[in-house]
Amino acid sequence: MMQGLDYLAAQSFGGLMAIYWFVIFFEIPRYLLLFCLVALLPRRTPATDLVDGTSVSVVVVGHSEGRKVETCVATLREQSHRPDEIIVLSDGSTDDMAKQVLALHKRGWIDAAHATELRSGKAAGLNLGARLAKGGIIIFVDCDCTFDRHAIRNIVRPFADPQVGAVSGSVLVRNSFASLMTAFQAIEYVITISLGRQAMDRLGQVSCVSGAFGAFRRQAFTQIGGFDAEGGEDLDLTLSMRTAGWRIRFAHDAVCLTDVPVTVRRLIRQRGRWERDAVRLRFRKHAGMLNPLAPRFAWRELLHEAEFLLFSVIPAMILPFYVIWLFQSYGSFAFSILVAAQFTLMLMDMAIFLIGALVTPRAPGLRLVPFIPGFGLYYGVFMRAIRLNAYIREWVWHASNRDEFVPAKVLRSRGQVR
Amino acid sequence: MIDVEKDVKQILLVEDSSVTKDLVELVLTQSGHKVTSVATGVEALSVLRKQHFDVIVTDFHLPDISGIEIAQRYLDANPSASRPLLIAITADTRGLLSDPKNCEIFDKVLPKPLDIDMISQIVLEKPRLREDATLTDPAVRDDFLGTLNLSVLEWPADRRVMSPSIMTGTDAIVLRKAVDLDVLWRLDGAHLLPVIDMTGGLGETADLDCARPTDNHLPRIQHLVAQFDQRREDIHPDLRRSPDPEDRLLVRMALAGRLKPRLSAEHEGFVSWNTLCEPRQVAELIEKLEAAGFVETRFFERLHVCPGCSSARMVVREECPCCGSSNLAEESYVHHFRCATQAPETDFKQGGDLICPKCRRELHHFGRDYDRPGLLTRCQGCGHTAAEPAVAFICTSCGRRSAAETAPTKDIREATISENGWQYLRSGKAYLGPGRRALRFGDFPLELVVALNRAAARFNAAQEPFTLGSITYLGLEDVSQLHGAVRARAARKLWLETLQQQMGDAIIVVAGTQHDYLLASGTRSDALNAQLKNARGQADNMVRDSIGATFALFDPEDLVA
């Protein structure tokens, strides 16, 4: 070990480059970019509230979430900017959610309650909600989310700009300390969702509006035709909106809390689904955005596509080869080399997390710091393994077509199940 | 004390029994009335020739001429004079009232043994006017009831000639027409009588339906009347006579059985009971009786009532949660799988086809292209859609609309008399404790009446004071339940004997039924109280069980207050 460190200390800059090319190309720029963008570019949030009287509808769709729906609605009623309308749909729930929803309506807490007996899938539920909603701005939220008192006020602010078609809210983790995995996810949400989207927002490159908490201009929503019948509907709709020329914004101060998967198994399933959907949507359905010859191609879309490619796809593909190459070239030194790299990355994680926590309202901050040393392994190795697995399964076997998140009848009708 | 000028009556008392005569005289004199008492009918007529009286209280059976003859002769001799209040005293009320002529002449009939408390109240009532004294048209009474030889109150025919206490000696109420039942119920004593329904429209509100009488109705009527008679005997006179609405209802339950509600559209409350008492009032009274512990209730039905007028006559309807219209239609959601459009069917309908409003594709095949994941309600008025319609009530009495959740509910409970209730019915007001205890002459043993009479005469003549005491045993019931009635009786007897021994000649102790009594001549209550305290301690020590004896002492002035 010590020999390995001595060996590293003895290396020249060029020598270090030769050893750490992966870290230098794929890891450090990620941190630098985030840091530079957030630190150097001004925030673009309009200072004024939305005052043009556009009415706001909130649509909550859930499948078997009877236990959570009341709390979710309760926090919506606590808002400083009370939504003009709250619509709750129970999508073929098998628990008592339908009953709960009707009870909320009877109590006068919500303005419309709908319940279907068969499950139609999230996209269909959201579309029905949007159809029933009367507001000029429609906010879609997940049942397991709860909201800060000013969340609605802050998420509708960017709509003061008539070119803004959608605004993403800032989703943070409620159950940060439920397990080691939730602590890592809490750190990840601060860095990638909050800080990452703040950075992309400064460049006008927000490419995904969170399905858990996202606001849409009705005009833009109907122009796109609403959600399509497939998984990853939030990313799908956002990419369609970008193509149609609408601006997408991120409201860092519109804070919503959600419960993230507690067990490793559930986390792997959730992320596998997200990554498969991302690959399918970006490289199949919306591949035209990348193709200079396609009519949908636009230079300004390249940046977020490149970000995804450079920081998500390629590192996940290359990392195994890099590790193998390290062990082949340096033998037993490879281990020390990796430890040293992890240590460096840990310092950077720490710095970037602190910046993230600083610019993220309501982030758990210092209480998460003890978990930072493990975060490098979680994000750099564990997540990449999940990604790699998801990419391969999607490319080779079109795994997302068998996603249980979308009802089988829908997949069948789209000819995606053989 | 009655000291208002106009309430002082000139009273003629005709009574051959000296005990009764002295007692009544004492009570009436103490109430401030001027009483002239005579022992025979001849004497009475001679007094009547000289003087006018406001009230004539006469025994029905006198040694020479009957009470009715006195009254008849007096009325014939003075056709123009203002009619006095005529009160008959008799041991045979039924015999007296069976002759309608008697009913015509006497305003009141008092049964023997005499209820002294009642006398002081009754003499204050107004006499009937002469022209009112018409007989019920005998044609109205049919042969059917005539064969039973019962004294009945015919409603509403008898309402004009009925004076409240004529109920005494009446066997039953016969309803010919269901009018003003609340007035009938309020008549003094109406709650003590069985109700025979000749209209056929009252159902269980009456005790017997005789709209289409057959031969086997006769024994049933007889049985009913006998049952009421018998049960009445078990009820303490305090309660039989009580004008208190709760007591009246409780007594009615004791006579007719538990209070049974039934759903009926006749009343606003949607509930009728097996009593003439106004249905709304019944529910309130049951609540009060239950609070007092006299009845036990059992759930019968829960009704929604109008928050405005409390009527239960409400129409239930499904309505639009948005505009309140009941013009609703049900339709299904349609889910187009291919483009994730989910909307009410109307949005898809184009003639006979289903066309997706988003992608304009036609939906061909149920289960393959689309399905119907659920039902929704659409308002034909405002177009609002909802998973379920709201439920509301419209009050048909006042027209007020109220949402199902906001309409208050009212529980209807049937009631049976509790153990406490029976004890109260048997013990009278004494059951409620010394605070509400009143001294009742009617309960006095004869021995006490005689002694009291003597003491009263001395008080009237020489202002020599006396103290009358009643002894209540609050713990006796417990002892009886714990160790049996025999031991309780023995304890009470021993206690009373010890008291007598301790007090010596100073007092006379008389055992009664509910209470025991003591009479001390020449002493006022405050002086006696000190002596009694010591004697009671001794008596308490002598008796093993704690029977909780308490005294209530009365001076001569208290007795008529």
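The values are calculated or read from the model by the stated rules, or taken from the named source; none is laboratory data. Owing to the predicted nature of the structure, the values given are computational and were not obtained by experimental measurement. Here the Cβ is made from the backbone with ideal geometry for all residues, glycine too, and neighbour counts use every protein chain on show. The area values use the complete protein model at the heavy-atom level, side chains included, leaving out ligands, DNA and RNA. Shrake-Rupley method; radii C 1.70, N 1.55, O 1.52, S 1.80 Å.
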_Failed item, numbered, when residue A:224 is tested on (1) within 14 Å of another protein chain (Cβ to nearest Cβ); (2) within 20 Å of residue A:58 (Cβ to Cβ); (3) touching a residue at least 60 places away in the same chain (Cβ under 8 Å)_ = (3)
*Assuming residue A:161 fulfils every condition listed in (1) out of contact with any Ser or Thr (no Cβ under 8 Å at 6 or more places or on another chain); (2) within 30 Å of residue B:406 (Cβ to Cβ) apart from one, which condition is it?*
(2)
*List the number of the failed condition for residue A:314; all other conditions in (1) among the hydrophobic types (A, V, I, L, M, F, W, C); (2) in a helix (DSSP H, G or I); (3) over 25 Å from residue A:231 (Cα atoms); (4) open to solvent by 20 Å² or more (accessible area, probe 1.4 Å) hold.*
(3)
*Any residue at all in region A:46-61 that is more than 23 Å from residue A:248 (Cβ to Cβ) and within 14 Å of another protein chain (Cβ to nearest Cβ)?*
no
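Select from region B:387-402 the residues that are in a loop (DSSP other than H, G, I, E, B) and within 14 Å of another protein chain (Cβ to nearest Cβ) and write down the one among them that is modelled with the highest pLDDT. Give the derivation first.
Let us first name the residues in region B:387-402 that are in a loop (DSSP other than H, G, I, E, B), namely B:387-389, B:396-400.
Applying the additional criterion that residues be within 14 Å of another protein chain (Cβ to nearest Cβ) yields B:387-389.
On the way: B:387: 81, B:388: 82, B:389: 86.
Across region B:387-402, the extreme among qualifying residues is B:389.
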_All positions within region A:87-118 that are open to solvent by less than 10 Å² (accessible area, probe 1.4 Å) and more than 10 Å from chain B (Cβ to nearest Cβ)_ = A:87, A:97, A:104, A:110
*Under 6 Å between Cβ atoms, at least 6 apart or on separate chains: pull out the pairs that start in region B:403-430 with a residue that is within 14 Å of chain A (Cβ to nearest Cβ) and end on any residue that is assigned to a strand (DSSP E or B) and open to solvent by 30 Å² or more (accessible area, probe 1.4 Å).*
B:404/B:391; B:407/B:304
*Considering (1) surrounded by 18 or more Cβ atoms within 10 Å (Cβ to Cβ); (2) of a type in the set (A, V, I, L, M); (3) part of a helix (DSSP H, G or I), say which one residue B:471 fails and leave the rest.*
(3)
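Restrict the check to region B:109-117 and report whether at least one residue is modelled with pLDDT under 80 and over 23 Å from residue B:447 (Cα atoms). So that I can check it myself, show each step before the final result.
Of the residues in region B:109-117, the ones modelled with pLDDT under 80 are B:109-117.
Imposing the further condition that a residue be over 23 Å from residue B:447 (Cα atoms) reduces the set to B:109.
Yes, region B:109-117 has at least one match.
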_Residue in region A:72-84 that is hydrophobic (A, V, I, L, M, F, W, C), within 14 Å of chain B (Cβ to nearest Cβ) and open to solvent by less than 40 Å² (accessible area, probe 1.4 Å) present_ = no
*asked:* I'd like the full set of residues that are part of a helix (DSSP H, G or I), open to solvent by less than 10 Å² (accessible area, probe 1.4 Å) and either in contact with a Leu (Cβ under 6 Å, 6 or more places away or on another chain) or among the aromatic types (Phe, Trp, Tyr) (or both), limited to region A:196-220.
replied: A:199
*For residue A:232, are the conditions met, namely being in contact with an Asp or Glu (Cβ under 7 Å, 6 or more places away or on another chain), over 27 Å from residue A:374 (Cα atoms) and at pLDDT below 90?*
yes
*asked:* Between a residue in region B:333-350 that is more than 7 Å from chain A (Cβ to nearest Cβ) and in contact (Cβ under 8 Å) with a residue 40 or more places away in the chain and any residue that is in a strand (DSSP E or B) and buried (at least 19 other Cβ atoms within 10 Å of the Cβ), which pairs come within a Cβ distance under 7 Å, given they are 6 or more apart or on different chains?
replied: B:344/B:333; B:344/B:376; B:344/B:378; B:344/B:385
*asked:* Consider region B:360-386. How many of its residues are open to solvent by 70 Å² or more (accessible area, probe 1.4 Å), facing chain A (nearest Cβ under 10 Å) and within 60 Å of the chain's Cα centre (by Cα)?
replied: 1
*Sort out which residues of region A:252-282 are open to solvent by less than 60 Å² (accessible area, probe 1.4 Å), part of a helix (DSSP H, G or I) and among the aliphatic types (A, V, I, L, M), and write them in order of number.*
A:267, A:278, A:279, A:281
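Out of curiosity, is residue B:217 open to solvent by 10 Å² or more (accessible area, probe 1.4 Å), over 29 Å from residue B:428 (Cβ atoms) and assigned by TED's automatic domain parsing to the domain that holds residue B:189? Before the answer, list the steps.
Numbers: open to solvent by 10 Å² or more (accessible area, probe 1.4 Å): yes; over 29 Å from residue B:428 (Cβ atoms): yes; assigned by TED's automatic domain parsing to the domain that holds residue B:189: yes.
Judged against the criteria, residue B:217 is a match.
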*Filter region A:172-195 down to residues that are aliphatic (A, V, I, L, M) and farther than 15 Å from residue A:357 by Cβ and give me whichever is surrounded by the fewest Cβ atoms within 10 Å (Cβ to Cβ).*
A:180
*Criterion violated by residue A:387 - all others in (1) among the charged types (D, E, K, R); (2) more than 19 Å from residue A:314 (Cα to Cα); (3) open to solvent by 10 Å² or more (accessible area, probe 1.4 Å) satisfied*: (2)
*Of all residues in region A:228-251, count the ones that are within 14 Å of chain B (Cβ to nearest Cβ) and open to solvent by less than 10 Å² (accessible area, probe 1.4 Å).*
4
